[in-house]
Amino acid sequence: MAPAAPRLILGLLVLSLCCEACKKVIFHVPSELEADMLVGRVDLKECLQSAEFISSSDGNFKVLEDGSVYTTSALSLSAEKKTFTILLKDIQEQVQKKIHVSLVEEEKKTPKTRHARDTVLKRTKRRWGPIPSVMIENSLGPFPLQIQQVQSDTAQNYTIYYSATGPGIDQDPKGLFYIERETGNIFATRAVDREQYPSFQIICFATTPDGYSPEVPLVHTIRIEDDNDNAPYFTQDLFEFCVPENSKPGVVVGKVIAEDRDEPYTLHTTLKYRIVSQTPPITPAFSLHGDTGVISVLLPQLDRELVPSYTLLVEVRDMAGQPFGLCTTGTVVVKIEDTNDNAPSFKQLQYETRVEENRVSVEILRVSVVDLDEPGSPGSGAVYEIIRGNDDQAFEITTDKNTNEGILCVVKGLDYETAKQRVLVIGVNNEAPYLLAPHSQQLSQSTCSVTVHVLDVDEGPVFKPCLLRLDVKECEDIGTAIGRYVAEDPETGNSEGIRYRIPPGQCNWINIDDRSGEVRTVRVLDRDIGEMRRGQCNITVLAIDRNGKTGTGTIQVCIVPGNKNFPRITQTDYIMCRDRKPICLTAQDGDEAPYSAPFVYRITDRNLASMWKLTPHDDNSWYLSPKSDTPYGIYEIPVSVTDNGGKIGENIVRVNLCDCVTPTECDGRTRQLSGGNVTLGLWAILAMILGSLLLLLILITICGCCGGGVMHRQVTDDCANHNLIISNTEAPGEEVMDHNIIPLQNTCDQGGYGVKTGEQQTFEMVKGRGHTLESVKGGGHQTLGSVKEGGGQPMMDTCRYSYSEWHNFTHPRLGEESIRGHTLIKNN
């Protein structure tokens, strides 16, 4: 035990980064201290919460994990005070603290006088429960090596035999420890590997020869103290990392990891890393953090094109990297990833090639470049472009992914007569954007020139232009010439000897003259016909020269919308009530712009134009409204609508201007007015006919009365009521019985025309309650007179009422729209 303490103290002194003293502890003890005597207990957690390593600066004392302080051997206090230090260390946090312990001798006290019979109490040492034993790993002996002794206090009075059982004794590893039967000394027979057996717990027994056990079984722990017998090792045989070139210093490349099988959180497992060597042996490019094993970029410029990879020999050493620590080396390979920091450049600056005219989709040249970046990466992949000389897009250049070459092709036929050679300027870039190193110059694009010689060949006729657009107005007559489409011989530049034709199987809208190339319509082109709804058709035309060579062109026939439809008003029947709210007239035109809206409305009849007016609303609609003095009636108004192309559509708008609140109230009795002339309705005409018949009957009756006898007239005081009463006091005459007079039946007293019946035939005509004209039987003769209702003196007159008087009586009533209650009835 004694040699181990200085070694631990030395390790703590080497490792400590900071050392702070905690609260001082004082123990009062006797002047003589026996071995394995409990001195006192120290609160370790108050000083350092997580103390992973505990030791004493004085080898005569040992400190357990619970803070108990024991003596390791018998000693006496040489002076009044004796001091030592307890060292505490948190290896993970790299913190070390001290507790100063002072031992003060107890003052001797004069014992009190006791009676003889008093029993003197004496404290005896309890030796059956010693502190845990410690055995150093890989101890060199000599063996057997005593590591502890257990004794029972009863051994002073009895013979005690000691025995033990457990791992290391009678369990694997068997025979490692044994206990002497008579003394209780525990011995180790050989060295122990802590990594295999960090501790042992054995059970000790104390018995008398007759088998009596004065002590309870003792569980005793033997802890194997670690020895730095294991070198650290890397978790991988080879560490491989990658880092982009031109990375900035401080960029993390990777981390190496090592382990140590010795006791954790001790100096034996405190590791330090370092780079031993670098390949290639140039300026160090990386740094290695000693505690964490993290590798970082050190060199400001890593160039893959100069050094594609680095090999590092790294070392890990325990004992915090001290020279006496155990170490192991490992290998780290750092690959430099390529970035696009090099521009591609052409191997040649000038190229020449040839191609026949009119050849298309043919490869004419391959160009190649040099790129220092990693082959096959986006940083070396070439992207070619034609910078100049390809305005007509006749050439195209692509990249061969296998060879990284540029393939120049002709995609549109070249014309020798137009240009005998073409000069192209081709540039190249990379697929990936450039990532330049700090403070480096901007890269410039590499270019080369390509001269393309066009070879002359005998060609067929060529249409100019190759696509001719001809616009045809809709509904043009058949045979209308719409244009001319001719081809030229590219060698001579003229059209002599060239014939034209349209191959079959195309839309048959046009034909072309086989000699002149004049194009005419063969059908009426109408966009309303199914096949012409698209309004466009492409027609291929062939041109054939004297040698039989052909050329093709295309005529695009487009039907231009025309003004073929008349605008018409969508609704022409309306009812307008007394509020005279304007009517919105809306027109439609089947044509497209500009031959449709806006429309212009106009009333073509001059008389109705003075009674009605039109007001614009929008491009399609106008308001129709009557003027204030327009009478009620049905009007048929001619309205013309002119579209934007000048085409006029005639429409008749029928408006029933009715004296109503809602249109449903209008029953058709309104007078119909058309063309400026007033015409009476059906009921009005019927009323006039019936009125005329009635007038005729009255005249016949009057004439009969004047020819048959003397007419008596009676004037009563009832003249104010305008009642005319005709009475006949004589016997029925010949006129009354005439069959030409139509007898009438009695009607309602409220108004209308009626007759009171009796033994004679009578006729009465009444308007209202007070106007009456009647023929009545009276005293055997006929009378025409006015009689007062309450009676009166009759006055005789002979045929005094003329036709004009009767006409004045009846005429104002014939102008009504209808004659209500008019009936003609014959009595039986």
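The values are calculated or read from the model by the stated rules, or taken from the named source; none is laboratory data. Note that the structure is a prediction, hence the values are computed from the model and not measured. Positions of Cβ are backbone-derived with ideal geometry, glycine not excepted, and every protein chain shown enters the neighbour counts. For accessibility, only protein heavy atoms count, side chains too; no ligands or nucleic acids. Shrake-Rupley method; radii C 1.70, N 1.55, O 1.52, S 1.80 Å.
Please go through the stretch 130-185 and give me each residue that is over 29 Å from residue 228 (Cβ atoms) and of a type in the set (Ser, Thr, Tyr), ordered by number.
Hits for the stretch 130-185 are 152, 154, 158, 159, 161, 162, 163, 165, 183.
Among the numbered criteria (1) of a type outside the set (Lys, Arg); (2) in a helix (DSSP H, G or I); (3) in contact with a Gly (Cβ under 6 Å, 6 or more places away or on another chain), which one does residue 519 miss?
Of the numbered conditions (1) of a type outside the set (Lys, Arg); (2) in a helix (DSSP H, G or I); (3) in contact with a Gly (Cβ under 6 Å, 6 or more places away or on another chain), the odd one out for residue 519 is (2).
Which pairs do you get when a residue that is farther than 15 Å from residue 219 by Cα and hydroxyl-bearing (Ser, Thr, Tyr), found in the stretch 178-193, comes within reach of a residue that is assigned to a strand (DSSP E or B) and open to solvent by 50 Å² or more (accessible area, probe 1.4 Å), reach meaning Cβ atoms under 9 angstrom, with the pair 6+ apart or on two chains?
183/149; 189/178
Looking only at the stretch 130-154, which residues are part of a loop (DSSP other than H, G, I, E, B) and either crowded, with 16+ Cβ neighbours inside 10 Å or hydrophobic (A, V, I, L, M, F, W, C) (or both)?
Across the stretch 130-154, the qualifying residues are 130, 131, 137, 139, 140, 143, 150, 151, 152.
Just checking, how many residues over the stretch 515-536 are surrounded by 13 or more Cβ atoms within 10 Å (Cβ to Cβ) and either touching a helix residue (DSSP H, G or I) at 6+ places or on another chain (Cβ under 8 Å) or more than 16 Å from residue 476 (Cα to Cα) (or both)?
4
Could you run through the stretch 181-199 and say how many residues are open to solvent by less than 60 Å² (accessible area, probe 1.4 Å) and more than 30 Å from residue 326 (Cα to Cα)?
So the answer is 5.
Looking only at the stretch 239-258, count how many residues are without any contact (Cβ under 8 Å) to a residue 60 or more places away in the chain, surrounded by 14 or more Cβ atoms within 10 Å (Cβ to Cβ) and not in a loop (DSSP other than H, G, I, E, B).
So the count comes out to 1.
Can you name the residue in the stretch 53-69 that is part of a loop (DSSP other than H, G, I, E, B) and touching a strand residue (DSSP E or B) at 6+ places or on another chain (Cβ under 6 Å) and, of all such residues, is farthest from residue 93 (Cα to Cα)?
60
Kindly list the number of the only condition in (1) modelled with pLDDT under 90; (2) of a type outside the set (Lys, Arg); (3) in contact with a His (Cβ under 6 Å, 6 or more places away or on another chain) that fails for residue 682.
In the conditions (1) modelled with pLDDT under 90; (2) of a type outside the set (Lys, Arg); (3) in contact with a His (Cβ under 6 Å, 6 or more places away or on another chain), residue 682 misses (3) alone.
This table checks each residue for (1) touching a strand residue (DSSP E or B) at 6+ places or on another chain (Cβ under 9 Å); (2) within 30 Å of residue 436 (Cα to Cα); (3) open to solvent by less than 20 Å² (accessible area, probe 1.4 Å); (4) basic (Lys, Arg).
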residue	(1), (2), (3), (4)
291	yes, no, no, no
294	yes, yes, no, no
297	yes, yes, yes, no
311	yes, yes, no, no
326	yes, no, no, no
341	no, yes, no, no
354	yes, no, no, yes
360	yes, no, no, no
363	yes, no, no, no
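Can you tell me which of 222, 202 is touching a strand residue (DSSP E or B) at 6+ places or on another chain (Cβ under 6 Å), modelled with pLDDT of 90 or more, open to solvent by less than 20 Å² (accessible area, probe 1.4 Å) and within 30 Å of residue 270 (Cβ to Cβ)?
The unique qualifying residue is 222.
Please go through (1) hydroxyl-bearing (Ser, Thr, Tyr); (2) closer than 12 Å to residue 486 by Cβ; (3) in contact (Cβ under 8 Å) with a residue 40 or more places away in the chain for residue 516 and return the number of the only condition it doesn't satisfy.
(3)
Output the number of residues of the stretch 366-418 satisfying the condition of being within 25 Å of residue 307 (Cα to Cα) and either crowded, with 18+ Cβ neighbours inside 10 Å or not hydroxyl-bearing (Ser, Thr, Tyr) (or both).
14
Could you tell me whether residue 468 is in contact (Cβ under 8 Å) with a residue 60 or more places away in the chain, part of a loop (DSSP other than H, G, I, E, B) and not β-branched (Val, Ile, Thr)?
no
Give the residue, chosen from 315, 263, that is of a type in the set (Asp, Glu), farther than 24 Å from residue 96 by Cα and touching a residue at least 40 places away in the same chain (Cβ under 8 Å).
315
Those residues that are touching a strand residue (DSSP E or B) at 6+ places or on another chain (Cβ under 9 Å) and open to solvent by 90 Å² or more (accessible area, probe 1.4 Å), I need them from the stretch 476-507; list them, please.
477, 478, 484, 499, 501
Within the stretch 217-238, work out how many residues are of a type outside the set (A, V, I, L, M) and part of a strand (DSSP E or B).
Going through the stretch 217-238 one residue at a time, the tally reaches 6.
Taking the residues in the stretch 563-598 that are part of a loop (DSSP other than H, G, I, E, B) and of a type in the set (Asp, Glu) as candidates, determine which candidate is farthest from the chain's Cα centre (by Cα).
579
Among the residues of the stretch 541-564, how many are open to solvent by 10 Å² or more (accessible area, probe 1.4 Å), of a type in the set (Val, Ile, Thr) and at pLDDT 85 or above?
Adding up the residues that qualify gives 4.
Confirm whether residue 447 is out of contact with any Pro (no Cβ under 8 Å at 6 or more places or on another chain), open to solvent by less than 40 Å² (accessible area, probe 1.4 Å) and closer than 30 Å to residue 305 by Cα.
In short, no.
So which of 520, 501, 515 ends up being over 30 Å from residue 416 (Cα atoms) and more than 54 Å from the chain's Cα centre (by Cα)?
520
Does the stretch 19-54 hold any residues that are open to solvent by 30 Å² or more (accessible area, probe 1.4 Å) and within 60 Å of the chain's Cα centre (by Cα), and which are they?
Once the filter is applied, which keeps residues that are open to solvent by 30 Å² or more (accessible area, probe 1.4 Å) and within 60 Å of the chain's Cα centre (by Cα), the stretch 19-54 yields 49, 50, 51, 52.
Considering only the stretch 548-557, I want to know if a residue exists there that is more than 55 Å from the chain's Cα centre (by Cα) and either free of Cβ contacts under 8 Å to residues at least 60 places away in the same chain or under 25 Å from residue 619 (Cβ atoms) (or both).
Yes, some residue in the stretch 548-557 is more than 55 Å from the chain's Cα centre (by Cα) and either free of Cβ contacts under 8 Å to residues at least 60 places away in the same chain or under 25 Å from residue 619 (Cβ atoms) (or both).
If you check 488, 496, 476, which single one turns out to be acidic (Asp, Glu) and modelled with pLDDT under 85?
Just a single option satisfies the conditions, and that option is 476.
Among the candidates 577, 584, which residue alone is more than 21 Å from residue 501 (Cα to Cα) and buried (at least 17 other Cβ atoms within 10 Å of the Cβ)?
After ruling out the rest, the residue left standing is 577.
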